[in-house]
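The values are calculated or read from the model by the stated rules, or taken from the named source; none is laboratory data. What you see is a predicted model; the values in this text were computed from it and never measured. Note: areas computed on protein heavy atoms with side chains; ligands, DNA, RNA excluded. Shrake-Rupley method; radii C 1.70, N 1.55, O 1.52, S 1.80 Å.
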Amino acid sequence: MKRSRLGPLDVTSIGLGSAPLGGLFAPVSDADAEATLASAWALGVRFFDTAPLYGFGLAERRLGAFLQQQTRESYAISTKVGRLLRAPDGGAAEDEHYKGTPRERPVFDFSYDGVMRSVEESLARLGLDRVDVLLVHDPDDHYDEAVSGAFRALQRLRTDGTVEAIGAGMNQSEMPVRFAEAVPVDCFLLAGRYTLLDQGALDALFPVCQAKNIGILLGGIYNSGILANPHTGAKFNYQDADAALIARALTLGELCRKHGTELKAAALQFCMAHPAVTVAVMGARNAGEVADNIAMSEKTVPAAFWQELRARNLVDARAPLPGGA
């Protein structure tokens, strides 16, 4: 598998995102989670992303149990800070997004001390002595606290050699631009803001990251599912997609069929063609989905598809296309 540089780290260009292993939208068994991770490993994936939020600790525990069986120097792992997991008073209602989880629920804490506690608790769940990348997770409404607290803690951990790279993981491209100007970050995990349906990252984030040599871990490549299987009721940005987005996705799907390829392949290869993108972080809930993701990265997408995509103005004119189309 192709490899890339992420600050001082050598990483695979495709990584496994573990939100589905935490029961995103539907529960996942321990056996399916283990099979998913084993499949990713067998297919050459060596970058793994997780977070306390994903299944409220479940994804970290499952990923850690698998990675403990591997040589520590053979992979890179990222996790996130900004949410502490705490048991609520009384019973815990089922979460809107994560199913089959422990009873703990996330509590926002972007303070210096909160981040230090978060790292210790994540390492305990993972059963590892260190992680490679730490990201401030979803600080959308907490910019000041993230800069004065969370990032101060992350910079100390990087200076101490506890972690190799720091940054933020977000579902928007605007605030990371502010972080890039305020904090010496190494990378951002950007979810859903550079896809066949949304190229907002081209406005400011990607140019800033390229100028400052900040890596992009790109998640949400299928925009929560609509670019994997566009249909009424499909998800976009974790919510039901509106009719206009479904229509656009269906148009893209029709264009793929016309040229004898698949929408998932076009969606993934479009994202990987941008030079700012270091790793495509692909979620999967079973071994079949892992194999499919890898296959989509290698499937032939004809040059004529990209040429027609450009000619019909179906993507931003600034977006580089595979093969220079």
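Tabulated values for the structure
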{"item": "Per-residue HN-Hα couplings for the range 21-30 [Karplus 6.51, -1.76, 1.60; θ = phi - 60°; Hz; x = Gly/Pro]", "result": "6, x, x, 4, 6, 7, x, 10, 6, 4"}
{"item": "Mean accessible surface per residue for the range 47-129, computed with a 1.4 Å probe while every protein chain stays in place, in Å²", "result": "42 Å²"}
{"item": "Long-range HN-HN contacts of Gly15 with modeled amide H, under 5 Å", "result": "Ala280, Val281, Met282"}
{"item": "Ratio of the Cα radius of gyration of the chain to 2.2 N^0.38 Å, where N counts its residues", "result": "0.96"}
{"item": "Full-stretch length increase - Ser74, Glu96 - with 0.36 nm per residue and alpha-carbon distance subtracted", "result": "4.4 nm"}
{"item": "When the range 207-325 is reduced to its Cα atoms, the Kirkwood hydrodynamic radius in Å", "result": "15.0 Å"}
{"item": "DSSP-defined beta bridges in the range 1-102 - what % are antiparallel, rounded to 5", "result": "50 percent"}
{"item": "Cut-off under 5 Å, modelled amide H: who pairs with Leu24 long-range", "result": "Lys99"}
{"item": "Within the range 178-325, percent of DSSP bridges classed antiparallel, to nearest 5", "result": "20 percent"}
{"item": "Of all DSSP beta bridges in the chain, antiparallel share, percent nearest 5", "result": "25 percent"}
{"item": "Exceeding the 23 Å Cα-Cα cut-off - candidates Lys2/Lys80; Lys2/Lys235; Lys99/Lys235; Lys235/Lys264; Lys2/Lys264", "result": "Lys2/Lys80; Lys2/Lys235"}
{"item": "In order through the range 94-100: 3J(HN,Hα) via Karplus (6.51 cos²θ - 1.76 cosθ + 1.60), integer Hz, x for Gly, Pro", "result": "4, 6, 5, 10, 9, 10, x"}
{"item": "The chain, relative contact order in percent, only Cα pairs under 8 angstrom and at least six apart counted", "result": "18 percent"}
{"item": "Gaussian network model of the chain, Cα within-10 Å springs - most flexible of Val177, Val279, Val107", "result": "Val107"}
{"item": "Percent RCO, i.e. relative contact order, over the range 163-315, from Cα pairs under 8 Å lying at least 6 residues apart", "result": "20 percent"}
